[in-house]
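Below is one structure, written out as structure tokens; the observations come after it.
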Amino acid sequence: MRPPLPRLRFSMIRELLASQASGGQVLMMAAAAAMFVANSVLSEQYFTLLHLHIGPMGLLHWINDGLMAVFFLLVGCEIKREFVDGEMANWPRRILPGVAAAAGMAVPALVYLLINRAVPANAGGWAVPTATDIAFALGVMALLGDRVPASLKLLLTAIAVIDDLGAIVVIAAVYTKGLNLAALAAAAAITAALALLGWRRVQSVWPYLLLGAGLWVAIHASGIHATLAGVITALALPIRTTPGTPEDRESPLLRVEHALAPLVGFIIVPLFGFANAGVDLRGLSLDEALDPLVLGIALGLAVGKQLGIFGAIMGLVRLKIVDMPAHASARQLWGMSLLCGIGFTMSLFIAALAFGAGSDQEAAAKLGIIAGSLLAALAGLIVLRR
């Protein structure tokens, strides 16, 4: 009989913090490389490569719909683990990150809609500045070393996890068009099979992954965004709860999460960033830079996020509903709130859904995302360094 796998010596969330911080720094380099190539003599080759057809889809489509399904599988694992056996396993622990994440999504959306109120064609992009890129934010935070207390890193992770959950709901509810009922029925049947596997607590991960691949095909054909297959598959994976002790590697969900973290952090997300962050700025005019779509996203991320998250946290603390995070000052909370304005990966993803990949509106949205994320990152660094 195979001996049991050893328990993790540290909480997996702390391991993921380290891997996501490093992955975030790789993502920064990939985004910088994309901007360099898109504005160099290689620009034409870069954009031609992204639209190269491989089988039924272009390369960019395979990255955004195919590889990002694996990213969403990891996100789904993180969400389930945190709510079942992690930092948000009970309601008192969910109050602070839950309220902060909700405010951090609502205020940027309001900022965006206010700036674009006179341009009805831009209204569909309200969700673009609501996202937080956990890997990018933790990568910036890692540059500060011990200047940031561990409690804030955990709070940032918890807020981003709930933020991702909100983004998944928005993608499913808002950016779904024209359903194919036969494919949707097939997806429902596969989802039921996954649920049965989870209910029977099947320990091998391969049946879940094989059904998940079939679910991706069915959902892609149904008209719903195919990356949701990753989330549904993750939610079916069983996890063994271990209150008060380190997580158990034997749980299928933790085995999948632990295996995917480096693949997603160091390959899939940087590849997505390189494929989507390239914006040709040559010939950019002041009018284009000050377009309401660009300003709405940039200010939604850089201003709306900090107002929503910092205001919600300080409001809860002042009302004595929650305590301040351990060893953290109000200034440090403000710096963390600024870093939550780094939307990047999820914002780029939502922009492609909202405006259509390759459209002029998507190009403007990318400019706003990059500008807003850079402003948020630099402001957060300055506040936390001091």
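Nothing in this text is a laboratory measurement; each read-out follows from the coordinates by a stated rule. Just so we're clear, the structure is a prediction, and the values are computed from it rather than from any experiment. Cβ: placed from backbone, ideal geometry, glycine included. Neighbour counts: every protein chain shown.
Some points to look at:
- Counted by neighbouring Cβ atoms within 10 Å, the residues Thr227, Thr233 run from fewest to most as Thr227, Thr233.
- Mean Cβ neighbour count within 10 Å, used as a protection proxy, ranking 57-66, 77-86 highest first: 77-86, 57-66
- The HN-Hα couplings worked out from phi for the range 30-40 by the Karplus form 6.51 cos²θ - 1.76 cosθ + 1.60 (θ = phi - 60°) are 5, 5, 5, 5, 5, 5, 5, 5, 5, 10, 10 Hz, whole numbers, x standing for Gly and Pro.
- The calculated FRET efficiency for the pair Ala289 and Val202, based on their C-beta separation and a Förster distance of 45 Å, comes to about 0.25.
- In terms of its alpha-carbon gyration tensor, the chain comes out oblate; a/c meets the 1.5 threshold, while b/c is at least as large as a/b.
- Value at 222 nm in deg cm²/dmol, rounded to 500, when DSSP H runs of n ≥ 4 in the chain each add -39,500 (n - 2.57): -21000 deg cm²/dmol
- Charge-dipole axis of the chain as Lys and Arg at +1 and Asp and Glu at -1 on Cβ define it, positive-most pick from Gly23, His51, Ser285: Gly23
- Calculated FRET efficiency for the pair Glu250/Ala330, C-beta based, R₀ 25 Å, to 0.05: 0.05
- Gaussian network model of the chain, springs between alpha carbon atoms under 10 Å - residue of Val128, Val322, Val70 with greatest fluctuation: Val322
- Label point distance in nm, Leu378-Ala188, each placed 7 Å from Cα along Cα→Cβ: 5.2 nm
- The phi-based Karplus calculation (6.51 cos²θ - 1.76 cosθ + 1.60; θ = phi - 60°) puts the 3J(HN,Hα) values of the range 168-185 at 4, 4, 5, 4, 5, 8, 9, 9, 10, 10, x, 7, 9, 5, 5, 5, 5, 5 Hz, whole numbers, x for Gly and Pro.
- Phi to ³J(HN,Hα) by Karplus 6.51 cos²θ - 1.76 cosθ + 1.60 over the range 214-230, Hz, x for Gly, Pro: x, 5, 4, 4, 5, 5, 4, 6, 6, x, 7, 5, 5, 5, 5, 4, x
- 5 angstrom amide H check on Leu143, placed H, neighbours 5+ away: none
- In this Cβ point-charge picture (+1 for Lys and Arg, -1 for Asp and Glu), the range 73-133 has a dipole of about 200 debye about its Cα centre.
- Within the range 329-364, backbone nitrogen closer than 15 Å to the virtual label 7 Å beyond the Cα of Leu281 toward Cβ: 364
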